[in-house]
1. Given the conditions (1) over 24 Å from His270 (Cβ atoms); (2) in a helix (DSSP H, G or I); (3) hydrophobic (A, V, I, L, M, F, W, C), and given that Ile390 satisfies all but one, which numbered condition is not satisfied?
2. In the stretch 185-298, which strands (runs of 3 or more DSSP E) lie fully inside it and hold 2 or more residues that are of a type in the set (A, V, I, L, M, F, W, C)?
3. Looking only at residues in the stretch 205-233 that are surrounded by fewer than 23 Cβ atoms within 10 Å (Cβ to Cβ) and of a type in the set (Asp, Glu), which one is farthest from Met371 (Cα to Cα)?
4. With the requirement that a residue be over 19 Å from Glu348 (Cβ atoms) and either touching a strand residue (DSSP E or B) at 6+ places or on another chain (Cβ under 8 Å) or surrounded by 23 or more Cβ atoms within 10 Å (Cβ to Cβ) (or both), what does the stretch 267-279 give you?
5. What is the one condition in (1) over 24 Å from Tyr157 (Cα atoms); (2) surrounded by 20 or more Cβ atoms within 10 Å (Cβ to Cβ) that Pro249 does not satisfy?
6. Take the residues in the stretch 337-350 that are under 19 Å from Leu80 (Cβ atoms) and in contact with a Leu (Cβ under 9 Å, 6 or more places away or on another chain), then tell me which one is surrounded by the fewest Cβ atoms within 10 Å (Cβ to Cβ).
7. Specify which of the listed residues (Gly251, Gly193, Gly200) is outside the structural domain of Leu365 (by TED's automatic domain parsing) and among the small types (Gly, Ala, Ser).
8. Condition check: within 19 Å of Ala487 (Cα to Cα) and over 24 Å from the mean Cα position of the chain (by Cα). Does Arg149 satisfy that?
Amino acid sequence: MRDDNVRRVCIVGGGSAGWMTAAALARTLPAGVAIELVESEEIGTVGVGEATIPPIKLFNQMLGLNEAAFVQATQGSFKLGIEFVGWGQAGHRYFHPFGTYGADFDSVPMHHWWLKQRAAGDLTPLDDYSMAWVAARASRFAPPATDRRLVQSTFDYAYHFDAGLYAQALRRLAEGLGVTRHEGRITAVARDGETGHVTGVTLADDRMVEAEFWIDCSGFRGLLIAETLETPFIDWTHWLPCDRALAVPCGHANGTDGDSFTPYTRSTAHAAGWQWRIPLQHRIGNGHVFSSAFMGEDEAASILMANLDGPALADPRLLKFTTGRRAQAWTHNVVAIGLAAGFMEPLESTSLHLVQSGIMRLLALWPTRAMDALVRDEFNRVTATEWERIRDFLILHYHLNTRDEPLWRQCATMAIPATLQHKIDHFRAFGRTVSDGPELFLNASWLAVHIGQFNLPERYDPLVDSRAATVDGPRLLGGLARVMREAAAEMPTHAAFIARHCAAPKAA
């Protein structure tokens, strides 16, 4: 039997991406595989990714993390979705929920019955049929029910947390599982003269770290994937024009017992971008994502600071980025994970998810020392598809707007990928969500943005009229909305749930 298993792996870079990778590999790879990580305290991390989407729960469970202990250790809170303010048009709001709308009471999806009622003059917002939003707008939270017959089972949730504290918790876990950490700045990279593979890195104190397989978690710099292997970058700025972010934390106006401790993220559109709001136990994370082609940094900072809930706890920190991805996330014997692989602006909280999915894909396609091209090419193919489908979902938000500022007019009229145009056209004509393969964001997510940003269908499903004689749509819709309100009223407030189950110790 051949023994060509990888025996030594090195992760370059720490932060969330590096320590998520280290913890997952340490939990999954067989005994005998040495896992090492090189990071330098001289080099900071981006650390703005504090909002997540529901699959993070599965990743944490794989690592064996207890949810209450994890939320407590990371100053975390719960997230039922994202409220979008001013995206379709100035002043308008809608909610992207985690979970479904209502509960299907017929073979025809529920939103088509809602469209029929809307055509008849009933202007009840679609949001009112989302259990996630009915709870979120009342700042209430409890885990979903496991009984699928209950309306309380129709929503899902994720987390807000301090990404730096998350990385620290995963470092403790990974090192406890045998991961070796090397502190030091990398000054040189060695490659095999025949294969081009990376063989080792030299640290500032002349120590050498060698490995057979490398994972680049060095952030935007892409120390291995970009600087060493010169892997090209595919720029998506022409579709996603924001290229700057200013981030600043602030305090809760009335503490976590006040209205500011909401169980959802908020995204508020501004003249040349948008602002995030992420409530944690100890602070609120805020940031202004904007296009430098349409707004200067000083003006962007003024807008950010004028729209905080409480006193700023630091000066705004500037982050420059280019939205896009590496042409190949895996080149030679190097796989890029996290920002080294590319950047997707944080509009739908996908940054940590792309780390997670990259790790899980890598484990599913774990190589031998031969670094077979068939394995590498499949990893790159699936990675590209995932990134492009998320890209299209983000473009949808920018393209479906009727705002009257230069950035937004450009986005509304720009040529978009044919894959996205087909989805927009199909929904506008028939009210149906279509796809040519698996998507991270499922039907309810696309429905939320289409309806929330006024891509209203020209008609509802023709089967609705033929079934109206046997299905009392208005009564069932009204019943759903009523039961959701009653269920939300029985939940504890978000603050009360955290205080009872996972409150972090108060800072001295």
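The values are calculated or read from the model by the stated rules, or taken from the named source; none is laboratory data. Given the structure is predicted, the values throughout are model-derived calculations rather than measurements. Glycine also receives a Cβ, built like all others from the backbone with ideal geometry; neighbour counts cover every protein chain displayed.
1. (1)
2. In the stretch 185-298, the matching strands (runs of 3 or more DSSP E) lie at 186-191, 198-203, 208-210, 213-216, 233-235, 244-250, 273-279, 284-290.
3. Top of the filtered list is Asp205.
4. Ala272
5. (1)
6. Leu347
7. Gly251
8. yes
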